[in-house]
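The structure appears below as structure tokens.
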Amino acid sequence: MRDSRQRCAQQILRHISSKFLVQPYCIFCSFRLNSKQLSVIPRFGMVRMFQNAHYIGVDPLGGTKPFVFIVLDDQLSLVQKGWADLSDTLTHIGNYPNCIVAVCSPYQPNQRLLENEAIRSTVSPPLKPGRWLDYRLCEVILRKHRIKIIPTPDQEHACPRWMQKGFQFYRKLQQMGFRRFPTENASHQFIETYPHAAFTILLGHHPLPKQTLEGRLQRQLLLYERNIQLPDPMRFFEEVTRYKVLQGNFPKHLVLLPNELDATIAAYCAWLAKHDPSSVSLIGDPEEGQILIPTNQMKSRY
């Protein structure tokens, strides 16, 4: 009887250990210079991350509830979705002990690095003299690949309201102890993402306009086929009948809103950074701000 109890106790201890002990994960072990357009990402050693990590996409807006956030877990299940102000958004994020926050907004105003000829020379094809000075390096790289992006002004007060909200959000994250990604042995990290670039790269071409129903369906189908646990957007067509069309009654509840889709792909990029680091890259200059994109080799043009 005593031996049986000892064996039972050992099994329980092994189960608890497998559930709660910290396990080593390699978060960014083998990044390299993938092309002239992709910036060098340093090689890191093992990074300790807790099990049951979460990946949070945040899309800053300019309205009364200026932050849309989506939370995914390691299994790509949708854990939480919300629209909130800055304080509530930070409160929700603070509830996750181990997470990567992907923000759909520039990290800081333009530092005018492209006035430096040494930095300009890293871009291929070469930049014409006097051109692109109002862009960040990461933005020029995307434009060179025919991916549209709004340039970030060099003064915060000159930036759109949603960018200013993003700057404020980054500062608050840093005050909470978040570190820029990738930081070794940091359980709370943040990265900059650009949803339009992510959708374009994963589709292989420019997506349909995101404000349209067909654009939303296209984006959600891409996310659904990437195993993110969202409603199957094809159900939308199954529920459309002649009567519902005449009544203007479409099952729009099955399709996420544009900003929710942007936040979702941002969270997915954060998930890729941990689970499939060879499939993502950071473009731009760390001093100014880098954008995480879901590819290690960009097409020449999209």
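Find, among the GluC sites (Glu not before Pro) in segment 219-302, those assigned to loop by DSSP (not H, G, I, E, B) with at most 13 other beta-carbon atoms within 10 angstrom.
Here the GluC sites (Glu not before Pro) that fit, given the DSSP loop and packing criteria, are Glu239, Glu287.
Work out how much length Asp134 to Arg301 would gain on full extension: take 0.36 nm times their residue separation and subtract the Cα-Cα distance, in nm to one decimal.
58.0 nm
Each residue of segment 278-284 in turn: what ³J(HN,Hα) in whole Hz from Karplus with 6.51, -1.76, 1.60 and θ = phi - 60°, glycine and Pro shown as x?
Calculated HN-Hα couplings, in order: 6, 9, 10, 8, 9, 10, x Hz.
Post the alpha-carbon centroid distance, segment 131-168 to segment 269-285, in whole angstrom.
Computed from Cα coordinates, the inter-centre distance equals 21 Å.
So, in nm, how far is label Lys252 from label His275 when the simple model puts each one 7 Å beyond its Cα toward the Cβ?
A separation of 3.1 nm, rounded to one decimal place.
Using modelled backbone amide H atoms (1.01 Å from N, in-plane), which distant-in-sequence or interchain residues come within less than 5 Å of Ser281's amide H?
Amide H neighbours of Ser281, under 5 Å, 5+ apart: Ile293, Thr295.
Per residue of segment 66-73, in order, report the coupling 6.51 cos²θ - 1.76 cosθ + 1.60 (Karplus, θ = phi - 60°) as ³J(HN,Hα) in whole Hz, putting x for Gly and Pro.
x, 10, 9, 10, 10, 10, 10, 9
Computed on alpha carbon atoms, what radius of gyration and Dmax characterise segment 149-267, expressed in Å?
18.1, 57
At a threshold of 8 angstrom on Cα-Cα distance, excluding pairs fewer than six apart, so keeping six or more, what relative contact order does segment 106-153 reach in percent?
41
Using a 10 Å cut-off on Cβ atoms, rank the peptides 124-130, 155-161 from the highest mean neighbour count down.
155-161, 124-130
With only alpha-carbon pairs counted, each pair once and no self-pairs, how large is the Kirkwood hydrodynamic radius of segment 47-147 in angstroms?
16.4
What whole number of Å gives the distance from the Cα centroid of segment 174-220 to the Cα centroid of segment 234-264?
Computed from Cα coordinates, the inter-centre distance equals 23 Å.
Short version: ³J(HN,Hα) in whole Hz for each residue of segment 129-138, in order, from phi by Karplus 6.51 cos²θ - 1.76 cosθ + 1.60 (θ = phi - 60°), x for Gly and Pro, what are they?
x, x, 9, 6, 5, 8, 10, 6, 4, 4
Filter the chymotrypsin sites (Phe, Trp or Tyr not before Pro) in segment 157-218 to those in DSSP coil with at most 10 other Cβ atoms within 10 Å of their Cβ, and list the result.
Those that pass, being in a loop and sparsely packed, number zero.
Report the relative contact order of segment 165-222, percent, no decimals, based on alpha-carbon pairs under 8 angstrom and at least 6 residues apart.
17
Pairs to check: Lys165/Lys210; Lys144/Lys172; Lys81/Lys299; Lys148/Lys172. Give those whose C-alpha atoms are more than 27 Å from each other in this structure.
Lys144/Lys172; Lys81/Lys299; Lys148/Lys172
Subtracting the Cα-Cα distance from 0.36 nm times the residue separation, let me have the gained length for Tyr224 to Asp85 in nm, one decimal.
Full-extension gain reported as 47.3 nm.
For the residues Leu261, Leu86, Leu114, what sequence is obtained by ranking on other C-beta atoms within 10 Å, fewest first?
Ascending Cβ contact count within 10 Å gives the list Leu86, Leu114, Leu261.
Here, each number is a calculation from the coordinates, and none is a lab measurement. Quick caveat, the model's predicted, so the values are computed rather than measured. Cβ sites come from the backbone with ideal geometry, for glycine too, and all protein chains shown count toward neighbours.
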